[in-house]
Amino acid sequence: MSKKVFLSGIQPSGKPHIGNYFGMMKQLLGQPEDYEVYVLIVDYHAMKSVRDSKEMKENIIAVVLDYLALGLDPNKVTFFKQSDVSEHTELCWIFDTITTMPYLMRAHAFKDAEAKNKEIDVGTFNYPMLMAADILLYGPDIIPVGADQKQHIEIARDTALKFNNTYGETFKLPEAMIMKEVAIIPGTDGQKMSKSYNNTIPLFAEYEEIKKAVMSIVTDSRGGVPQNVFAIHKLFRNENELNKIYAEKAGKYKELKELLVEDLEKFIAPLREKRKEFAKDIPKALAILKAGGEKAKKVASAKMDEVREKIGVSVY
Ligand code: TYM
């Protein structure tokens, strides 16, 4: 039986936060040894928000260190950045030619931008096609993601079907894996935790940063329980135990927040230490990423040969 293949990606558009971790990274790294896993840093996708080369470089390095500190084993996982495998943008173009504009106009990200009267760049409009290429080149079975990516996975499936119907069976249809309890991790304001909402708790935050973020949590309370504090807290402690503590300390928001700070610190401190070790040798960390890119390139390039054959441009 062939191995199950897992794949997912993150944009290097800022510091990864606990929403990214619980929504995606944990699932992706937690796969059994005999599964094949692809971990992508989607730097070309991040270009829609990062337009400064220094910042882009720093963000890429930061995500590499984060993953290594989380225990990513490069011998088991293909860990790479999108821009190292030009087949992604190549396949994206091919998908563009079989996808209609009205179809992409139904994408949430496009509709949100349009509703806000933003000037929408073509990259934002076309974002789901590049993501479909990221996925379909590697024939994954499962894509662990947070709920916000559900539609993108559906678009990847539709695109695979459309290509297969037009040119013959080529791409496997992937399934999204969205864990109900962590599908939408809330931020400090109760909305979805997101780099663009400024409501995150960074995954590798220093103690003071954790404290500042937790103290800023908006305390919307029902029955004396600060809901936004509880929603984050239950990621770090058993819910029954928490129910008891929150009942005992009903209304004592400061104490509950202090407890959350301690629990976050317990979780983050060892990760932070590991990350500092990896940060001592950045060239070594980047060599891991580069080698991952070379490995991914072989798979992607074989798939593209097949695609070129199917569409009829392979004439030699
Ligand atoms: P990105 O970089 O926004 O986020 C990375 C992953 O973190 C999840 N996530 C969350 N999950 C739960 N609660 C939250 N508050 C939360 N915030 C973020 C996201 O759902 C995502 O899984 N389009 C993708 C990147 C991408 C990709 C791919 C993913 C590009 N190509 C191919 C999978 C496969 C994105 O912008 O993720």
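The values are calculated or read from the model by the stated rules, or taken from the named source; none is laboratory data. Here the structure is a predicted model, which is why all the values come from computation and not from measurement. Glycine also receives a Cβ, built like all others from the backbone with ideal geometry; neighbour counts cover every protein chain displayed. Surface areas here come from the heavy atoms of the whole protein model, side chains and all, with no ligands, DNA or RNA. Shrake-Rupley method; radii C 1.70, N 1.55, O 1.52, S 1.80 Å.
Data for the structure
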read-out	value
Lone qualifier among LEU137, LEU203 - being in contact with a Lys or Arg (Cβ under 8 Å, 6 or more places away or on another chain) and either in the same structural domain as LYS81 (by TED's automatic domain parsing) or closer than 19 Å to ILE98 by Cα (or both)	LEU137
Those residues of region 41-57 which are outside any helix (DSSP H, G or I) and crowded, with 23+ Cβ neighbours inside 10 Å, in sequence order	ILE41
Residue list for region 14-30, filter: among the polar types (S, T, N, Q) and within 7 Å of the ligand (Cβ to nearest atom)	ASN20
Meets criteria (surrounded by 22 or more Cβ atoms within 10 Å (Cβ to Cβ), more than 15 Å from SER8 (Cβ to Cβ) and under 21 Å from the mean Cα position of the chain (by Cα)) for ILE135	no
Selected residue (criterion: nearest to the ligand (Cβ to nearest atom)) from residues of region 140-170 that are aliphatic (A, V, I, L, M) and open to solvent by 30 Å² or more (accessible area, probe 1.4 Å)	ALA147
Listing of helices (runs of 4 or more DSSP H) fully contained in region 112-227 that carry 1 or more residues being farther than 20 Å from PHE6 by Cβ and of a type in the set (Gly, Ala, Ser)	122-136, 207-215
Output for region 282-300, where each listed residue is farther than 12 Å from VAL64 by Cα and open to solvent by 40 Å² or more (accessible area, probe 1.4 Å)	ALA291, GLU294, LYS295, LYS297, LYS298, VAL299
Which listed residue is basic (Lys, Arg) and under 15 Å from PRO74 (Cβ atoms), from LYS284, LYS266, LYS257	LYS284
Selection from region 18-40 of residues that are part of a strand (DSSP E or B) and either among the small types (Gly, Ala, Ser) or under 10 Å from the mean Cα position of the chain (by Cα) (or both)	VAL39, LEU40
Test for GLY9: is it open to solvent by less than 50 Å² (accessible area, probe 1.4 Å), at pLDDT below 95, in the same structural domain as ALA133 (by TED's automatic domain parsing) and within 14 Å of the ligand (Cβ to nearest atom)	no
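So that you can scan it fast, the table gives a plain yes or no per residue for (1) under 16 Å from the mean Cα position of the chain (by Cα); (2) farther than 27 Å from ASP305 by Cβ:
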| residue | (1), (2) |
| --- | --- |
| TYR44 | yes, no |
| LYS48 | yes, yes |
| GLU58 | no, yes |
| ALA62 | yes, yes |
| TYR67 | yes, yes |
| PRO74 | no, no |
| PHE79 | yes, no |
| ASP84 | no, no |
